[in-house]
1. Which condition from (1) in contact (Cβ under 8 Å) with a residue 40 or more places away in the chain; (2) within 11 Å of DNA strand D (Cβ to nearest atom) is the one that B:I45 breaks?
2. Residues of region A:69-97 being exposed (fewer than 12 other Cβ atoms within 10 Å of the Cβ) and assigned to a helix (DSSP H, G or I), which ones?
3. Restricting attention to region A:1-55, which residues are near DNA strand C (Cβ under 10 Å from one of its atoms), of a type in the set (D, E, K, R) and within 20 Å of A:S107 (Cα to Cα)?
4. Take A:S58 and decide whether it is within 12 Å of DNA strand D (Cβ to nearest atom), in a loop (DSSP other than H, G, I, E, B) and surrounded by 19 or more Cβ atoms within 10 Å (Cβ to Cβ).
5. Could you please find all residues in region B:104-136 being in contact with a Ser or Thr (Cβ under 7 Å, 6 or more places away or on another chain) and either assigned to a helix (DSSP H, G or I) or without any contact (Cβ under 8 Å) to a residue 24 or more places away in the chain (or both)?
6. All but one of (1) part of a helix (DSSP H, G or I); (2) surrounded by 14 or more Cβ atoms within 10 Å (Cβ to Cβ); (3) away from DNA strand C (no atom under 12 Å from the Cβ) hold for B:R101, so report the exception by its number.
7. Limited to region B:56-70, what total is found for residues that are closer than 22 Å to B:R101 by Cα and either more than 12 Å from DNA strand C (Cβ to nearest atom) or under 8 Å from the mean Cα position of the chain (by Cα) (or both)?
8. Tell me, yes or no, whether region A:2-18 has at least one residue that is at pLDDT below 95 and either among the basic types (K, R) or at negative phi (or both).
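The values are calculated or read from the model by the stated rules, or taken from the named source; none is laboratory data. Model, not experiment: these values are computed from the prediction. Here the Cβ is made from the backbone with ideal geometry for all residues, glycine too, and neighbour counts use every protein chain on show.
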Protein chains: 2
Amino acid sequence: MRGHQLAMALREAYLALHRRTDAIMARSGVTADQFVVLASLTEQIALTQRDLVVRTSSDPNTLRAMLILLERRGLIERRPHATDSRARTVSLTRKGRSAFRKLWRQSETVRQRLLAALDPDDASVLVSQLRRIVAGLVNSPVQGELS
Amino acid sequence: MRGHQLAMALREAYLALHRRTDAIMARSGVTADQFVVLASLTEQIALTQRDLVVRTSSDPNTLRAMLILLERRGLIERRPHATDSRARTVSLTRKGRSAFRKLWRQSETVRQRLLAALDPDDASVLVSQLRRIVAGLVNSPVQGELS
DNA sequence: TATTGTTATACTCTATAACTATA
DNA sequence: TATAGTTATAGAGTATAACAATA
């Protein structure tokens, strides 16, 4: 097995997932990437933008652009952080929670298909393998890069 | 195991791969997506744009935008197809082949890390699982979509 | 000094729709 | 009629760099 094949298979699977998700959510005017932000915000009452950067694997500037779009549509709100006045906390609005629930239902089939493509026991193994791949790729210097 | 976790793990792994690849190739002014196009062109002498759309999992318009960028930089060339005058064949130029070889060497560590994150026998299993996921997601109608 | 977030800016990828030309 | 590719257009995500305010 060659590394390039694995890279291409990973790319193809992710793009298929991403496009299928985008297609389902297009009617609601929410992108797959924005859905990831909304989903992260359901896991905790309020997160700082910094937290969200980590959870969504996004660049701070990219995240900000997405938050502004979501804020403009009334799905999220940003408030001053209670104790750290540099930070802002992000949370879902009532409208955002409602929109998310609908999007979650609409995307149920995608998650089902994802799982249906695998033997039941394989899914959790796959997740841990993907996480090991992430660990191997991030937080380690690139060849020839300045430390 | 929940489908959402799998989706998020897939996303995280792909983005890590994509960003690491982009970072390595940035000095050469080639993006990770353009690298995929160049790599596809090494597999066969000449491909039509249609062929490339399939091989790179791209939209025709997206692919065209990338080809124009690559053509402007002298890495690929497009010629009329020999027998189908609607089509154009795309191929690497001498400069493109040389650039690709360099990029391939520079990205060797990424592929090694990808494989190093897994047990040797697991890589091929992973590839086939990813392909089954793709098969489960594409070429089947979305719930509620018009046929 | 390091961190959080903003501003300004630019480019690539992405895709829809209408179109031409050819098979 | 279907297919290959183009044109026009728009938007989303991506990221770099310089910056202000605060920890």
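1. In the conditions (1) in contact (Cβ under 8 Å) with a residue 40 or more places away in the chain; (2) within 11 Å of DNA strand D (Cβ to nearest atom), B:I45 misses (2) alone.
2. Here is the first cut: in region A:69-97, the residues exposed (fewer than 12 other Cβ atoms within 10 Å of the Cβ) are A:72, A:79-80, A:82-86, A:94.
Listed by number, the residues that qualify are A:R72, A:R94.
3. Correct list: A:R19, A:R20, A:D22.
4. Working: within 12 Å of DNA strand D (Cβ to nearest atom): yes; in a loop (DSSP other than H, G, I, E, B): yes; surrounded by 19 or more Cβ atoms within 10 Å (Cβ to Cβ): yes.
Yes.
5. Just the residues of region B:104-136 that are in contact with a Ser or Thr (Cβ under 7 Å, 6 or more places away or on another chain), to begin with: B:107, B:110.
Scanning region B:104-136 gives a single hit, B:V110.
6. (2)
7. Within region B:56-70, the subset closer than 22 Å to B:R101 by Cα is B:56, B:63, B:66-70.
Remaining after also requiring either more than 12 Å from DNA strand C (Cβ to nearest atom) or under 8 Å from the mean Cα position of the chain (by Cα) (or both): B:56.
Summing the residues that are closer than 22 Å to B:R101 by Cα and either more than 12 Å from DNA strand C (Cβ to nearest atom) or under 8 Å from the mean Cα position of the chain (by Cα) (or both) in region B:56-70 gives 1.
8. Going residue by residue through region A:2-18, those that are at pLDDT below 95 are A:2.
Going one step further and asking which of them are either among the basic types (K, R) or at negative phi (or both), we end up with A:2.
Looking for residues that are at pLDDT below 95 and either among the basic types (K, R) or at negative phi (or both), one finds at least one in region A:2-18, hence yes.
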